[in-house]
Amino acid sequence: MNNNKLLLISLVFYPDEVAVANLFTSLSTVLVSQGYDMEVWCAQPSYTSTAKQPKTLIYKGIKINYLKSTSFRKDNFAGRIVNVFTFSFIVVLRLLFSASKTQVISHTTPPFLAIIISLICKIKKRHFVYVLMDIFPDGLIRLKKVSHRNVFIKIWYTWHLAALKRCTKIVVIGRDMLKWIKEIYPEDSGKISYIPVWQDEDVIRPMDFKSNPFVVKNQLGDEFVVQYSGNMGLWNEMETIGKAINGKPDKIKFVFIGSGIRRNELLNTIKSGAAKVVYFQFQSNADYAQSVAACHVGLVSLRDGLEGIAVPSKIIGIMAAGIPVIALVPAQSEIAYIVREENCGYIIHPSDSEGLLNAIIKLRSDENLRAKFGKNGRDAFLKKYTTRIIARSYESILKE
């Protein structure tokens, strides 16, 4: 088996610019520069781009195959489900009839596809590296969206555990995830590796606030800006942020960039503080470097009880921009570990709106503290979380 050949299977990839697509596009680019022969199977773009791509595209040395799956837009929920199933069906067929022994890497988007991939790779005697980005169905159970007694959930859980056992290597993006997986699968912890999320060091850098083009364009230069940028998804705590805004903190502007299924939770919570809030749509990668630095404080949130289930990657962008972090997360989550270890911000319990408001006011009043937290975060990013550094960790497990 040629260890320099790698097949990545990912529903989203370039030119889509959602978090997972960005992460694996930047990682693949670096792996190619290090001598890997990278092939990608992905769906036609449907999230941030709808431009039809050719069957095959070479992008920065990566051979991208856009499979013949449907490409309904992301705001069409039923269409997105169809996209997932048609993509998965094509992947399964191609894997079954492929004679290649190239190593395969995939992740939890969509959540059930890797279960099938692991089985096919086992049958075809191909090495499979499984990257756990989100944990299903455990997250849904903890949120009480489904019951652990549900027969379909029991089957899914059993199949997922079997998939973990079939993998050649398992990568988790959080130490809280590492604890979770060793509890449910203690038999072979030697094949499990912790590799954190990453950010392209060539994209995001600290910027002067007042001269930042995003700040100038949107007339934010005279404000103290607290920003939440990214998906407002299933795992994120938004209600507590809304309650803090209702406290009407003086001379503070809250900027929200993005959307998601929990955006309405935020909107329904905010009442008296609505005048202090500005909303923007998701920014393109070209604009993100400016928007993520267009604030004095960056917010990250994870709902209570979801430690070990998900790691919001937005924290790495905030640190890369040299912005202090307020993490509205469980105390034993990966995000909390990072903030605590790097001394780059505050950790607040996900339900503590008063604590969040106090942390914001403290940072507004102390410019030196903001500078200290921001520098600590930036320094930690350059030492631990750049794409090139993380790529070396992936190279290590791929060569074993």
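Each reported figure results from applying straightforward, stated rules to the coordinates on display, with no laboratory input. Every value quoted in this text rests on a predicted model; they were computed, and no experiment measured them. Every residue, glycine among them, receives a Cβ derived from its backbone with ideal geometry; neighbour counts consider all protein chains shown.
Computed from backbone phi, the HN-Hα couplings of the stretch 9-17 come to 10, 8, 3, 10, 7, 3, x, 4, 10 Hz, rounded to whole numbers (Karplus: 6.51 cos²θ - 1.76 cosθ + 1.60, θ = phi - 60°; Gly and Pro given as x).
Can you compute the FRET efficiency between ILE184 and ASP222 using 1/(1 + (r/R0)^6), with r the Cβ-Cβ distance and R0 = 45 Å? Round to the nearest 0.05. Efficiency for this residue pair is about 0.30. Distance between the modelled labels on PHE85 and SER147, one decimal in nanometres: 2.5 nm (7 Å Cα→Cβ projection). Looking at the stretch 120-202, the GluC sites (Glu not before Pro) that sit in a DSSP loop and have at most 12 other Cβ atoms within 10 Å of their own Cβ are GLU187.
As a proxy for reagent exposure, ranking LEU57, LEU8 by other Cβ atoms within 10 Å from fewest up yields LEU57, LEU8. Fully extending the segment from LYS384 to GLN281, taken as 0.36 nm per residue of separation minus the present Cα-Cα distance, adds 34.1 nm.
Pairs LYS251/LYS362; LYS243/LYS384; LYS5/LYS169: which are spaced more than 23 Å apart, C-alpha to C-alpha? Check vs 23 Å cut-off fails for LYS243/LYS384.
Is any residue of the stretch 320-346 close enough, with backbone N under 15 Å, to a label point placed 7 angstrom from the Cα of ASP304 along the Cα-Cβ axis, and if so, which? So the set is 328-333. Legend: residue pairs LYS144/LYS165; LYS68/LYS399; LYS63/LYS124, Cα-Cα distance threshold 24 Å; pairs beyond threshold, LYS144/LYS165; LYS68/LYS399.
Applying 1/(1 + (r/R0)^6) with r as the Cβ-Cβ distance of LYS251 and SER211 and R0 = 25 angstrom yields a FRET efficiency of 0.75. Note on GLU341 and LYS5: their simple-model spin labels are 3.6 nm apart, each label 7 Å out from Cα toward Cβ. For the stretch 153-182, the residues whose backbone nitrogen is under 20 Å from a point 7 Å from the Cα of VAL92, taken along Cα to Cβ, are 153-167.
Dipole magnitude for the stretch 5-195: computed about the Cα centre from +1 point charges on Lys and Arg Cβ and -1 point charges on Asp and Glu Cβ, it is near 440 debye.
The trypsin sites (Lys or Arg not before Pro) found in the stretch 137-230 that occupy coil by DSSP, while having at most 11 further C-beta atoms within 10 Å, are LYS144, LYS145, ARG149, LYS210.
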